[in-house]
Amino acid sequence: MLMNDYIKRSDMISCLLCKDAPCSNACEKCNPSDVLRSIWFDNQDVASLKLPIDNPCRDCDGGCEKACVAKDKVRIKNIMNILYDEVRPVTEIALPTDENRLKCDMCGVPLENPFILASSVIASTYDMCARAFEAGWAGISFKTICSLDIHEASPRFSAIKGADGSIIGFKNIEQLSDHSVAENMHIFRELKKNYPTKFILASIMGKDEAEWESLAKECEDNGADAIELNFSCPNMMEGGLGSDIGQVPELVEKFTRAAKRSTTIPVLAKLTPNVATMSPAAEAAFRGGADGIAAINTIKSVIGVSPYTFVSAPAVKGKSALGGYSGNAVKPIALRFIAELGQNKTINGLHISGMGGIETWRDSLEFILLGAGSIQVATAVMQYGYRIIDDLKAGLNYYLTQMGIASVKDIVGAGLESISSTTDVLERDTILFPTFDTNKCNGCGRCVISCDDGGHQAIKFENRIPKLDGRKCVGCHLCRLVCPENAISQSKKRIGL
């Protein structure tokens, strides 16, 4: 099945996704922590198929649950039994035996899969990049190299969290690599020597044309496979750098051309979302000779203001600053820009490397369908670690196999025709009613409250059972979105006005 909802994140809300998980250490028959993580990252089918053929959990003593360190113990045995009894029987295919469908490229340079680390702290040392390669990431975009004297603030991160404790939105005020250019070039040489098949995307930032040109050449000479021009960092101490460049197409074109003058490897322009539209900067990069576009970088933001100190977060000795917003909350904004780039005929043919709020394989798929040929991830790795690559690859590979798609490259941009920049193309002469599943409904009445106060008063509540009033319903489907039990679906029949 393409979608199973037998187990939701809410069923695992207590799971801490532990390092060296005690639950797995307590089990000799399977790996509960691996299974739980797969479920968390939207891979229920894969999780069920990775389990032993015969269910060892049904009659065991529950040692995994006893070892669980969560305050409210995760009901691991129950989850395992659901995988065996309800999920596995409805899976449509076996686990793929290889990952050949994931092979792709960035501007012609081979990638073993579409997934690379985005330029940030997660790809800033030899050890970190090596561990990411060992984990299965196809490549890295190294933390932006520059000649600036970088001094970071402390603390420099803040976040908005969801009910399960996971980060929804993430703010950083971090800048660029604080290593010297020479130190970073040594890292490149060592990485390329020890991991020759892995992809190194060298993110750089110069102060003028000469420096953009010289940095690009130096990175190529020391093993980089491609160059990423950072026209988008929102956190620079000096003006005229980072996103200040990305907001001025003339500068994007000038500095792209400068970098291209000294290199033979592909050059991508990493553009800022802190604009009304991205196309002017993308077209400028194209005129400057760019081989691709990377988007989006973080969005300028303010997170929280303390009611006691009146200072925003992160607070640094009573002061704060605008910072870059990332995490799953920015994904809709990122997809909007990826679609804009994918539909822009002027830059047709440029590689698009997509990023912004990606956590699961399904997130990645959405970027691919709107035109991204490669995927970059940062905030999710900061929260969950390099290990998420297992589920990114497994989920996307399973989907491609299930759909009979021979290569991930075959679906790049497949969803672009469904997107319109205006709403005048939408059909408006029929209504698609919601339908209520009384077996799933718990009688909470949330749908009634939302329809009464935010909709069209089209749901009656009798004996704690919601009933639709078709004379008033306009088919907005607000009720579906607020239902905590997913007990409301859309009908298959449209009603003419």
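Tell me yes or no: at least one residue of region 341-349 is out of contact with any Ser or Thr (no Cβ under 9 Å at 6 or more places or on another chain), buried (at least 21 other Cβ atoms within 10 Å of the Cβ) and of a type outside the set (Val, Ile, Thr).
If we filter region 341-349 for residues that are out of contact with any Ser or Thr (no Cβ under 9 Å at 6 or more places or on another chain), which is where we start, we get 342, 345, 348-349.
Still in the running and buried (at least 21 other Cβ atoms within 10 Å of the Cβ): 342.
Of the ones still in play, those that are also of a type outside the set (Val, Ile, Thr) are 342.
The answer is yes; a qualifying residue exists.
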Just wondering, is there one or more residues in region 280-287 that are under 30 Å from Ser421 (Cα atoms), buried (at least 23 other Cβ atoms within 10 Å of the Cβ) and out of contact with any Leu (no Cβ under 7 Å at 6 or more places or on another chain)?
yes
Residue identified as over 30 Å from Asn397 (Cα atoms) and touching a residue at least 60 places away in the same chain (Cβ under 8 Å) among Ala334, Ala321, Ala339:
Ala321
For region 290-327, which positions are more than 22 Å from the chain's Cα centre (by Cα), at positive phi and small (Gly, Ala, Ser)?
Gly304, Gly318
Filter region 126-150 for residues that are farther than 23 Å from Trp212 by Cβ and without any contact (Cβ under 8 Å) to a residue 40 or more places away in the chain; the one that is surrounded by the most Cβ atoms within 10 Å (Cβ to Cβ) is Met128
Might you check whether a residue that is β-branched (Val, Ile, Thr), assigned to a strand (DSSP E or B) and either surrounded by 14 or more Cβ atoms within 10 Å (Cβ to Cβ) or under 32 Å from the mean Cα position of the chain (by Cα) (or both) occurs anywhere in region 452-460?
yes
Would region 40-48 turn up any residue that is of a type in the set (Val, Ile, Thr), touching a helix residue (DSSP H, G or I) at 6+ places or on another chain (Cβ under 6 Å) and in a helix (DSSP H, G or I)?
yes
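I'm trying to understand the selection: among the residues of region 19-32, which are under 25 Å from the mean Cα position of the chain (by Cα) and surrounded by 24 or more Cβ atoms within 10 Å (Cβ to Cβ)?
Filtering region 19-32 for residues under 25 Å from the mean Cα position of the chain (by Cα) gives 19-21, 32.
Answer for region 19-32, where residues must be under 25 Å from the mean Cα position of the chain (by Cα) and surrounded by 24 or more Cβ atoms within 10 Å (Cβ to Cβ): just Pro32.
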Check Tyr308, Tyr384 and return the single one that is of a type in the set (Phe, Trp, Tyr), buried (at least 17 other Cβ atoms within 10 Å of the Cβ), out of contact with any strand residue (DSSP E or B) (no Cβ under 8 Å at 6 or more places or on another chain) and over 16 Å from Ala295 (Cβ atoms).
Tyr384
Evaluation of Ile368 against (1) in a loop (DSSP other than H, G, I, E, B); (2) crowded, with 18+ Cβ neighbours inside 10 Å; (3) among the aliphatic types (A, V, I, L, M) (one fails), failing number
(1)
Across region 108-142, what is the number of residues that are part of a loop (DSSP other than H, G, I, E, B) and under 17 Å from Ser177 (Cβ atoms)?
5
Which condition number in (1) without any contact (Cβ under 8 Å) to a residue 24 or more places away in the chain; (2) more than 18 Å from Val381 (Cα to Cα); (3) of a type in the set (A, V, I, L, M) is the one that Ala123 fails?
(2)
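Report yes if Ala224 is touching a Gly at 6+ places or on another chain (Cβ under 8 Å), crowded, with 17+ Cβ neighbours inside 10 Å, in the same structural domain as Arg156 (by TED's automatic domain parsing) and in contact (Cβ under 8 Å) with a residue 24 or more places away in the chain, otherwise no.
no
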Somewhere in region 227-249, is a residue touching a Ser or Thr at 6+ places or on another chain (Cβ under 7 Å), more than 22 Å from Tyr325 (Cα to Cα) and in contact (Cβ under 8 Å) with a residue 40 or more places away in the chain?
yes
So which residues in region 342-363 are in contact with a strand residue (DSSP E or B) (Cβ under 8 Å, 6 or more places away or on another chain) and assigned to a helix (DSSP H, G or I)?
Gly342, Ile347
Restricted to region 80-100 and to residues being part of a helix (DSSP H, G or I) and touching a Ser or Thr at 6+ places or on another chain (Cβ under 6 Å), the residue farthest from Ala406 (Cα to Cα) is Leu83
Residue match in region 63-75 (condition: surrounded by fewer than 17 Cβ atoms within 10 Å (Cβ to Cβ), in contact (Cβ under 8 Å) with a residue 12 or more places away in the chain and within 23 Å of Ala394 (Cβ to Cβ)):
no
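Report the residue count in region 198-210 for those that are surrounded by fewer than 21 Cβ atoms within 10 Å (Cβ to Cβ), more than 10 Å from Ala259 (Cβ to Cβ) and in contact with a helix residue (DSSP H, G or I) (Cβ under 9 Å, 6 or more places away or on another chain).
2
The values are calculated or read from the model by the stated rules, or taken from the named source; none is laboratory data. In this text, all values refer to a predicted model and were calculated from it rather than measured experimentally. Glycine gets a Cβ as well: all are built from the backbone with ideal geometry, and neighbour counts include every protein chain shown.
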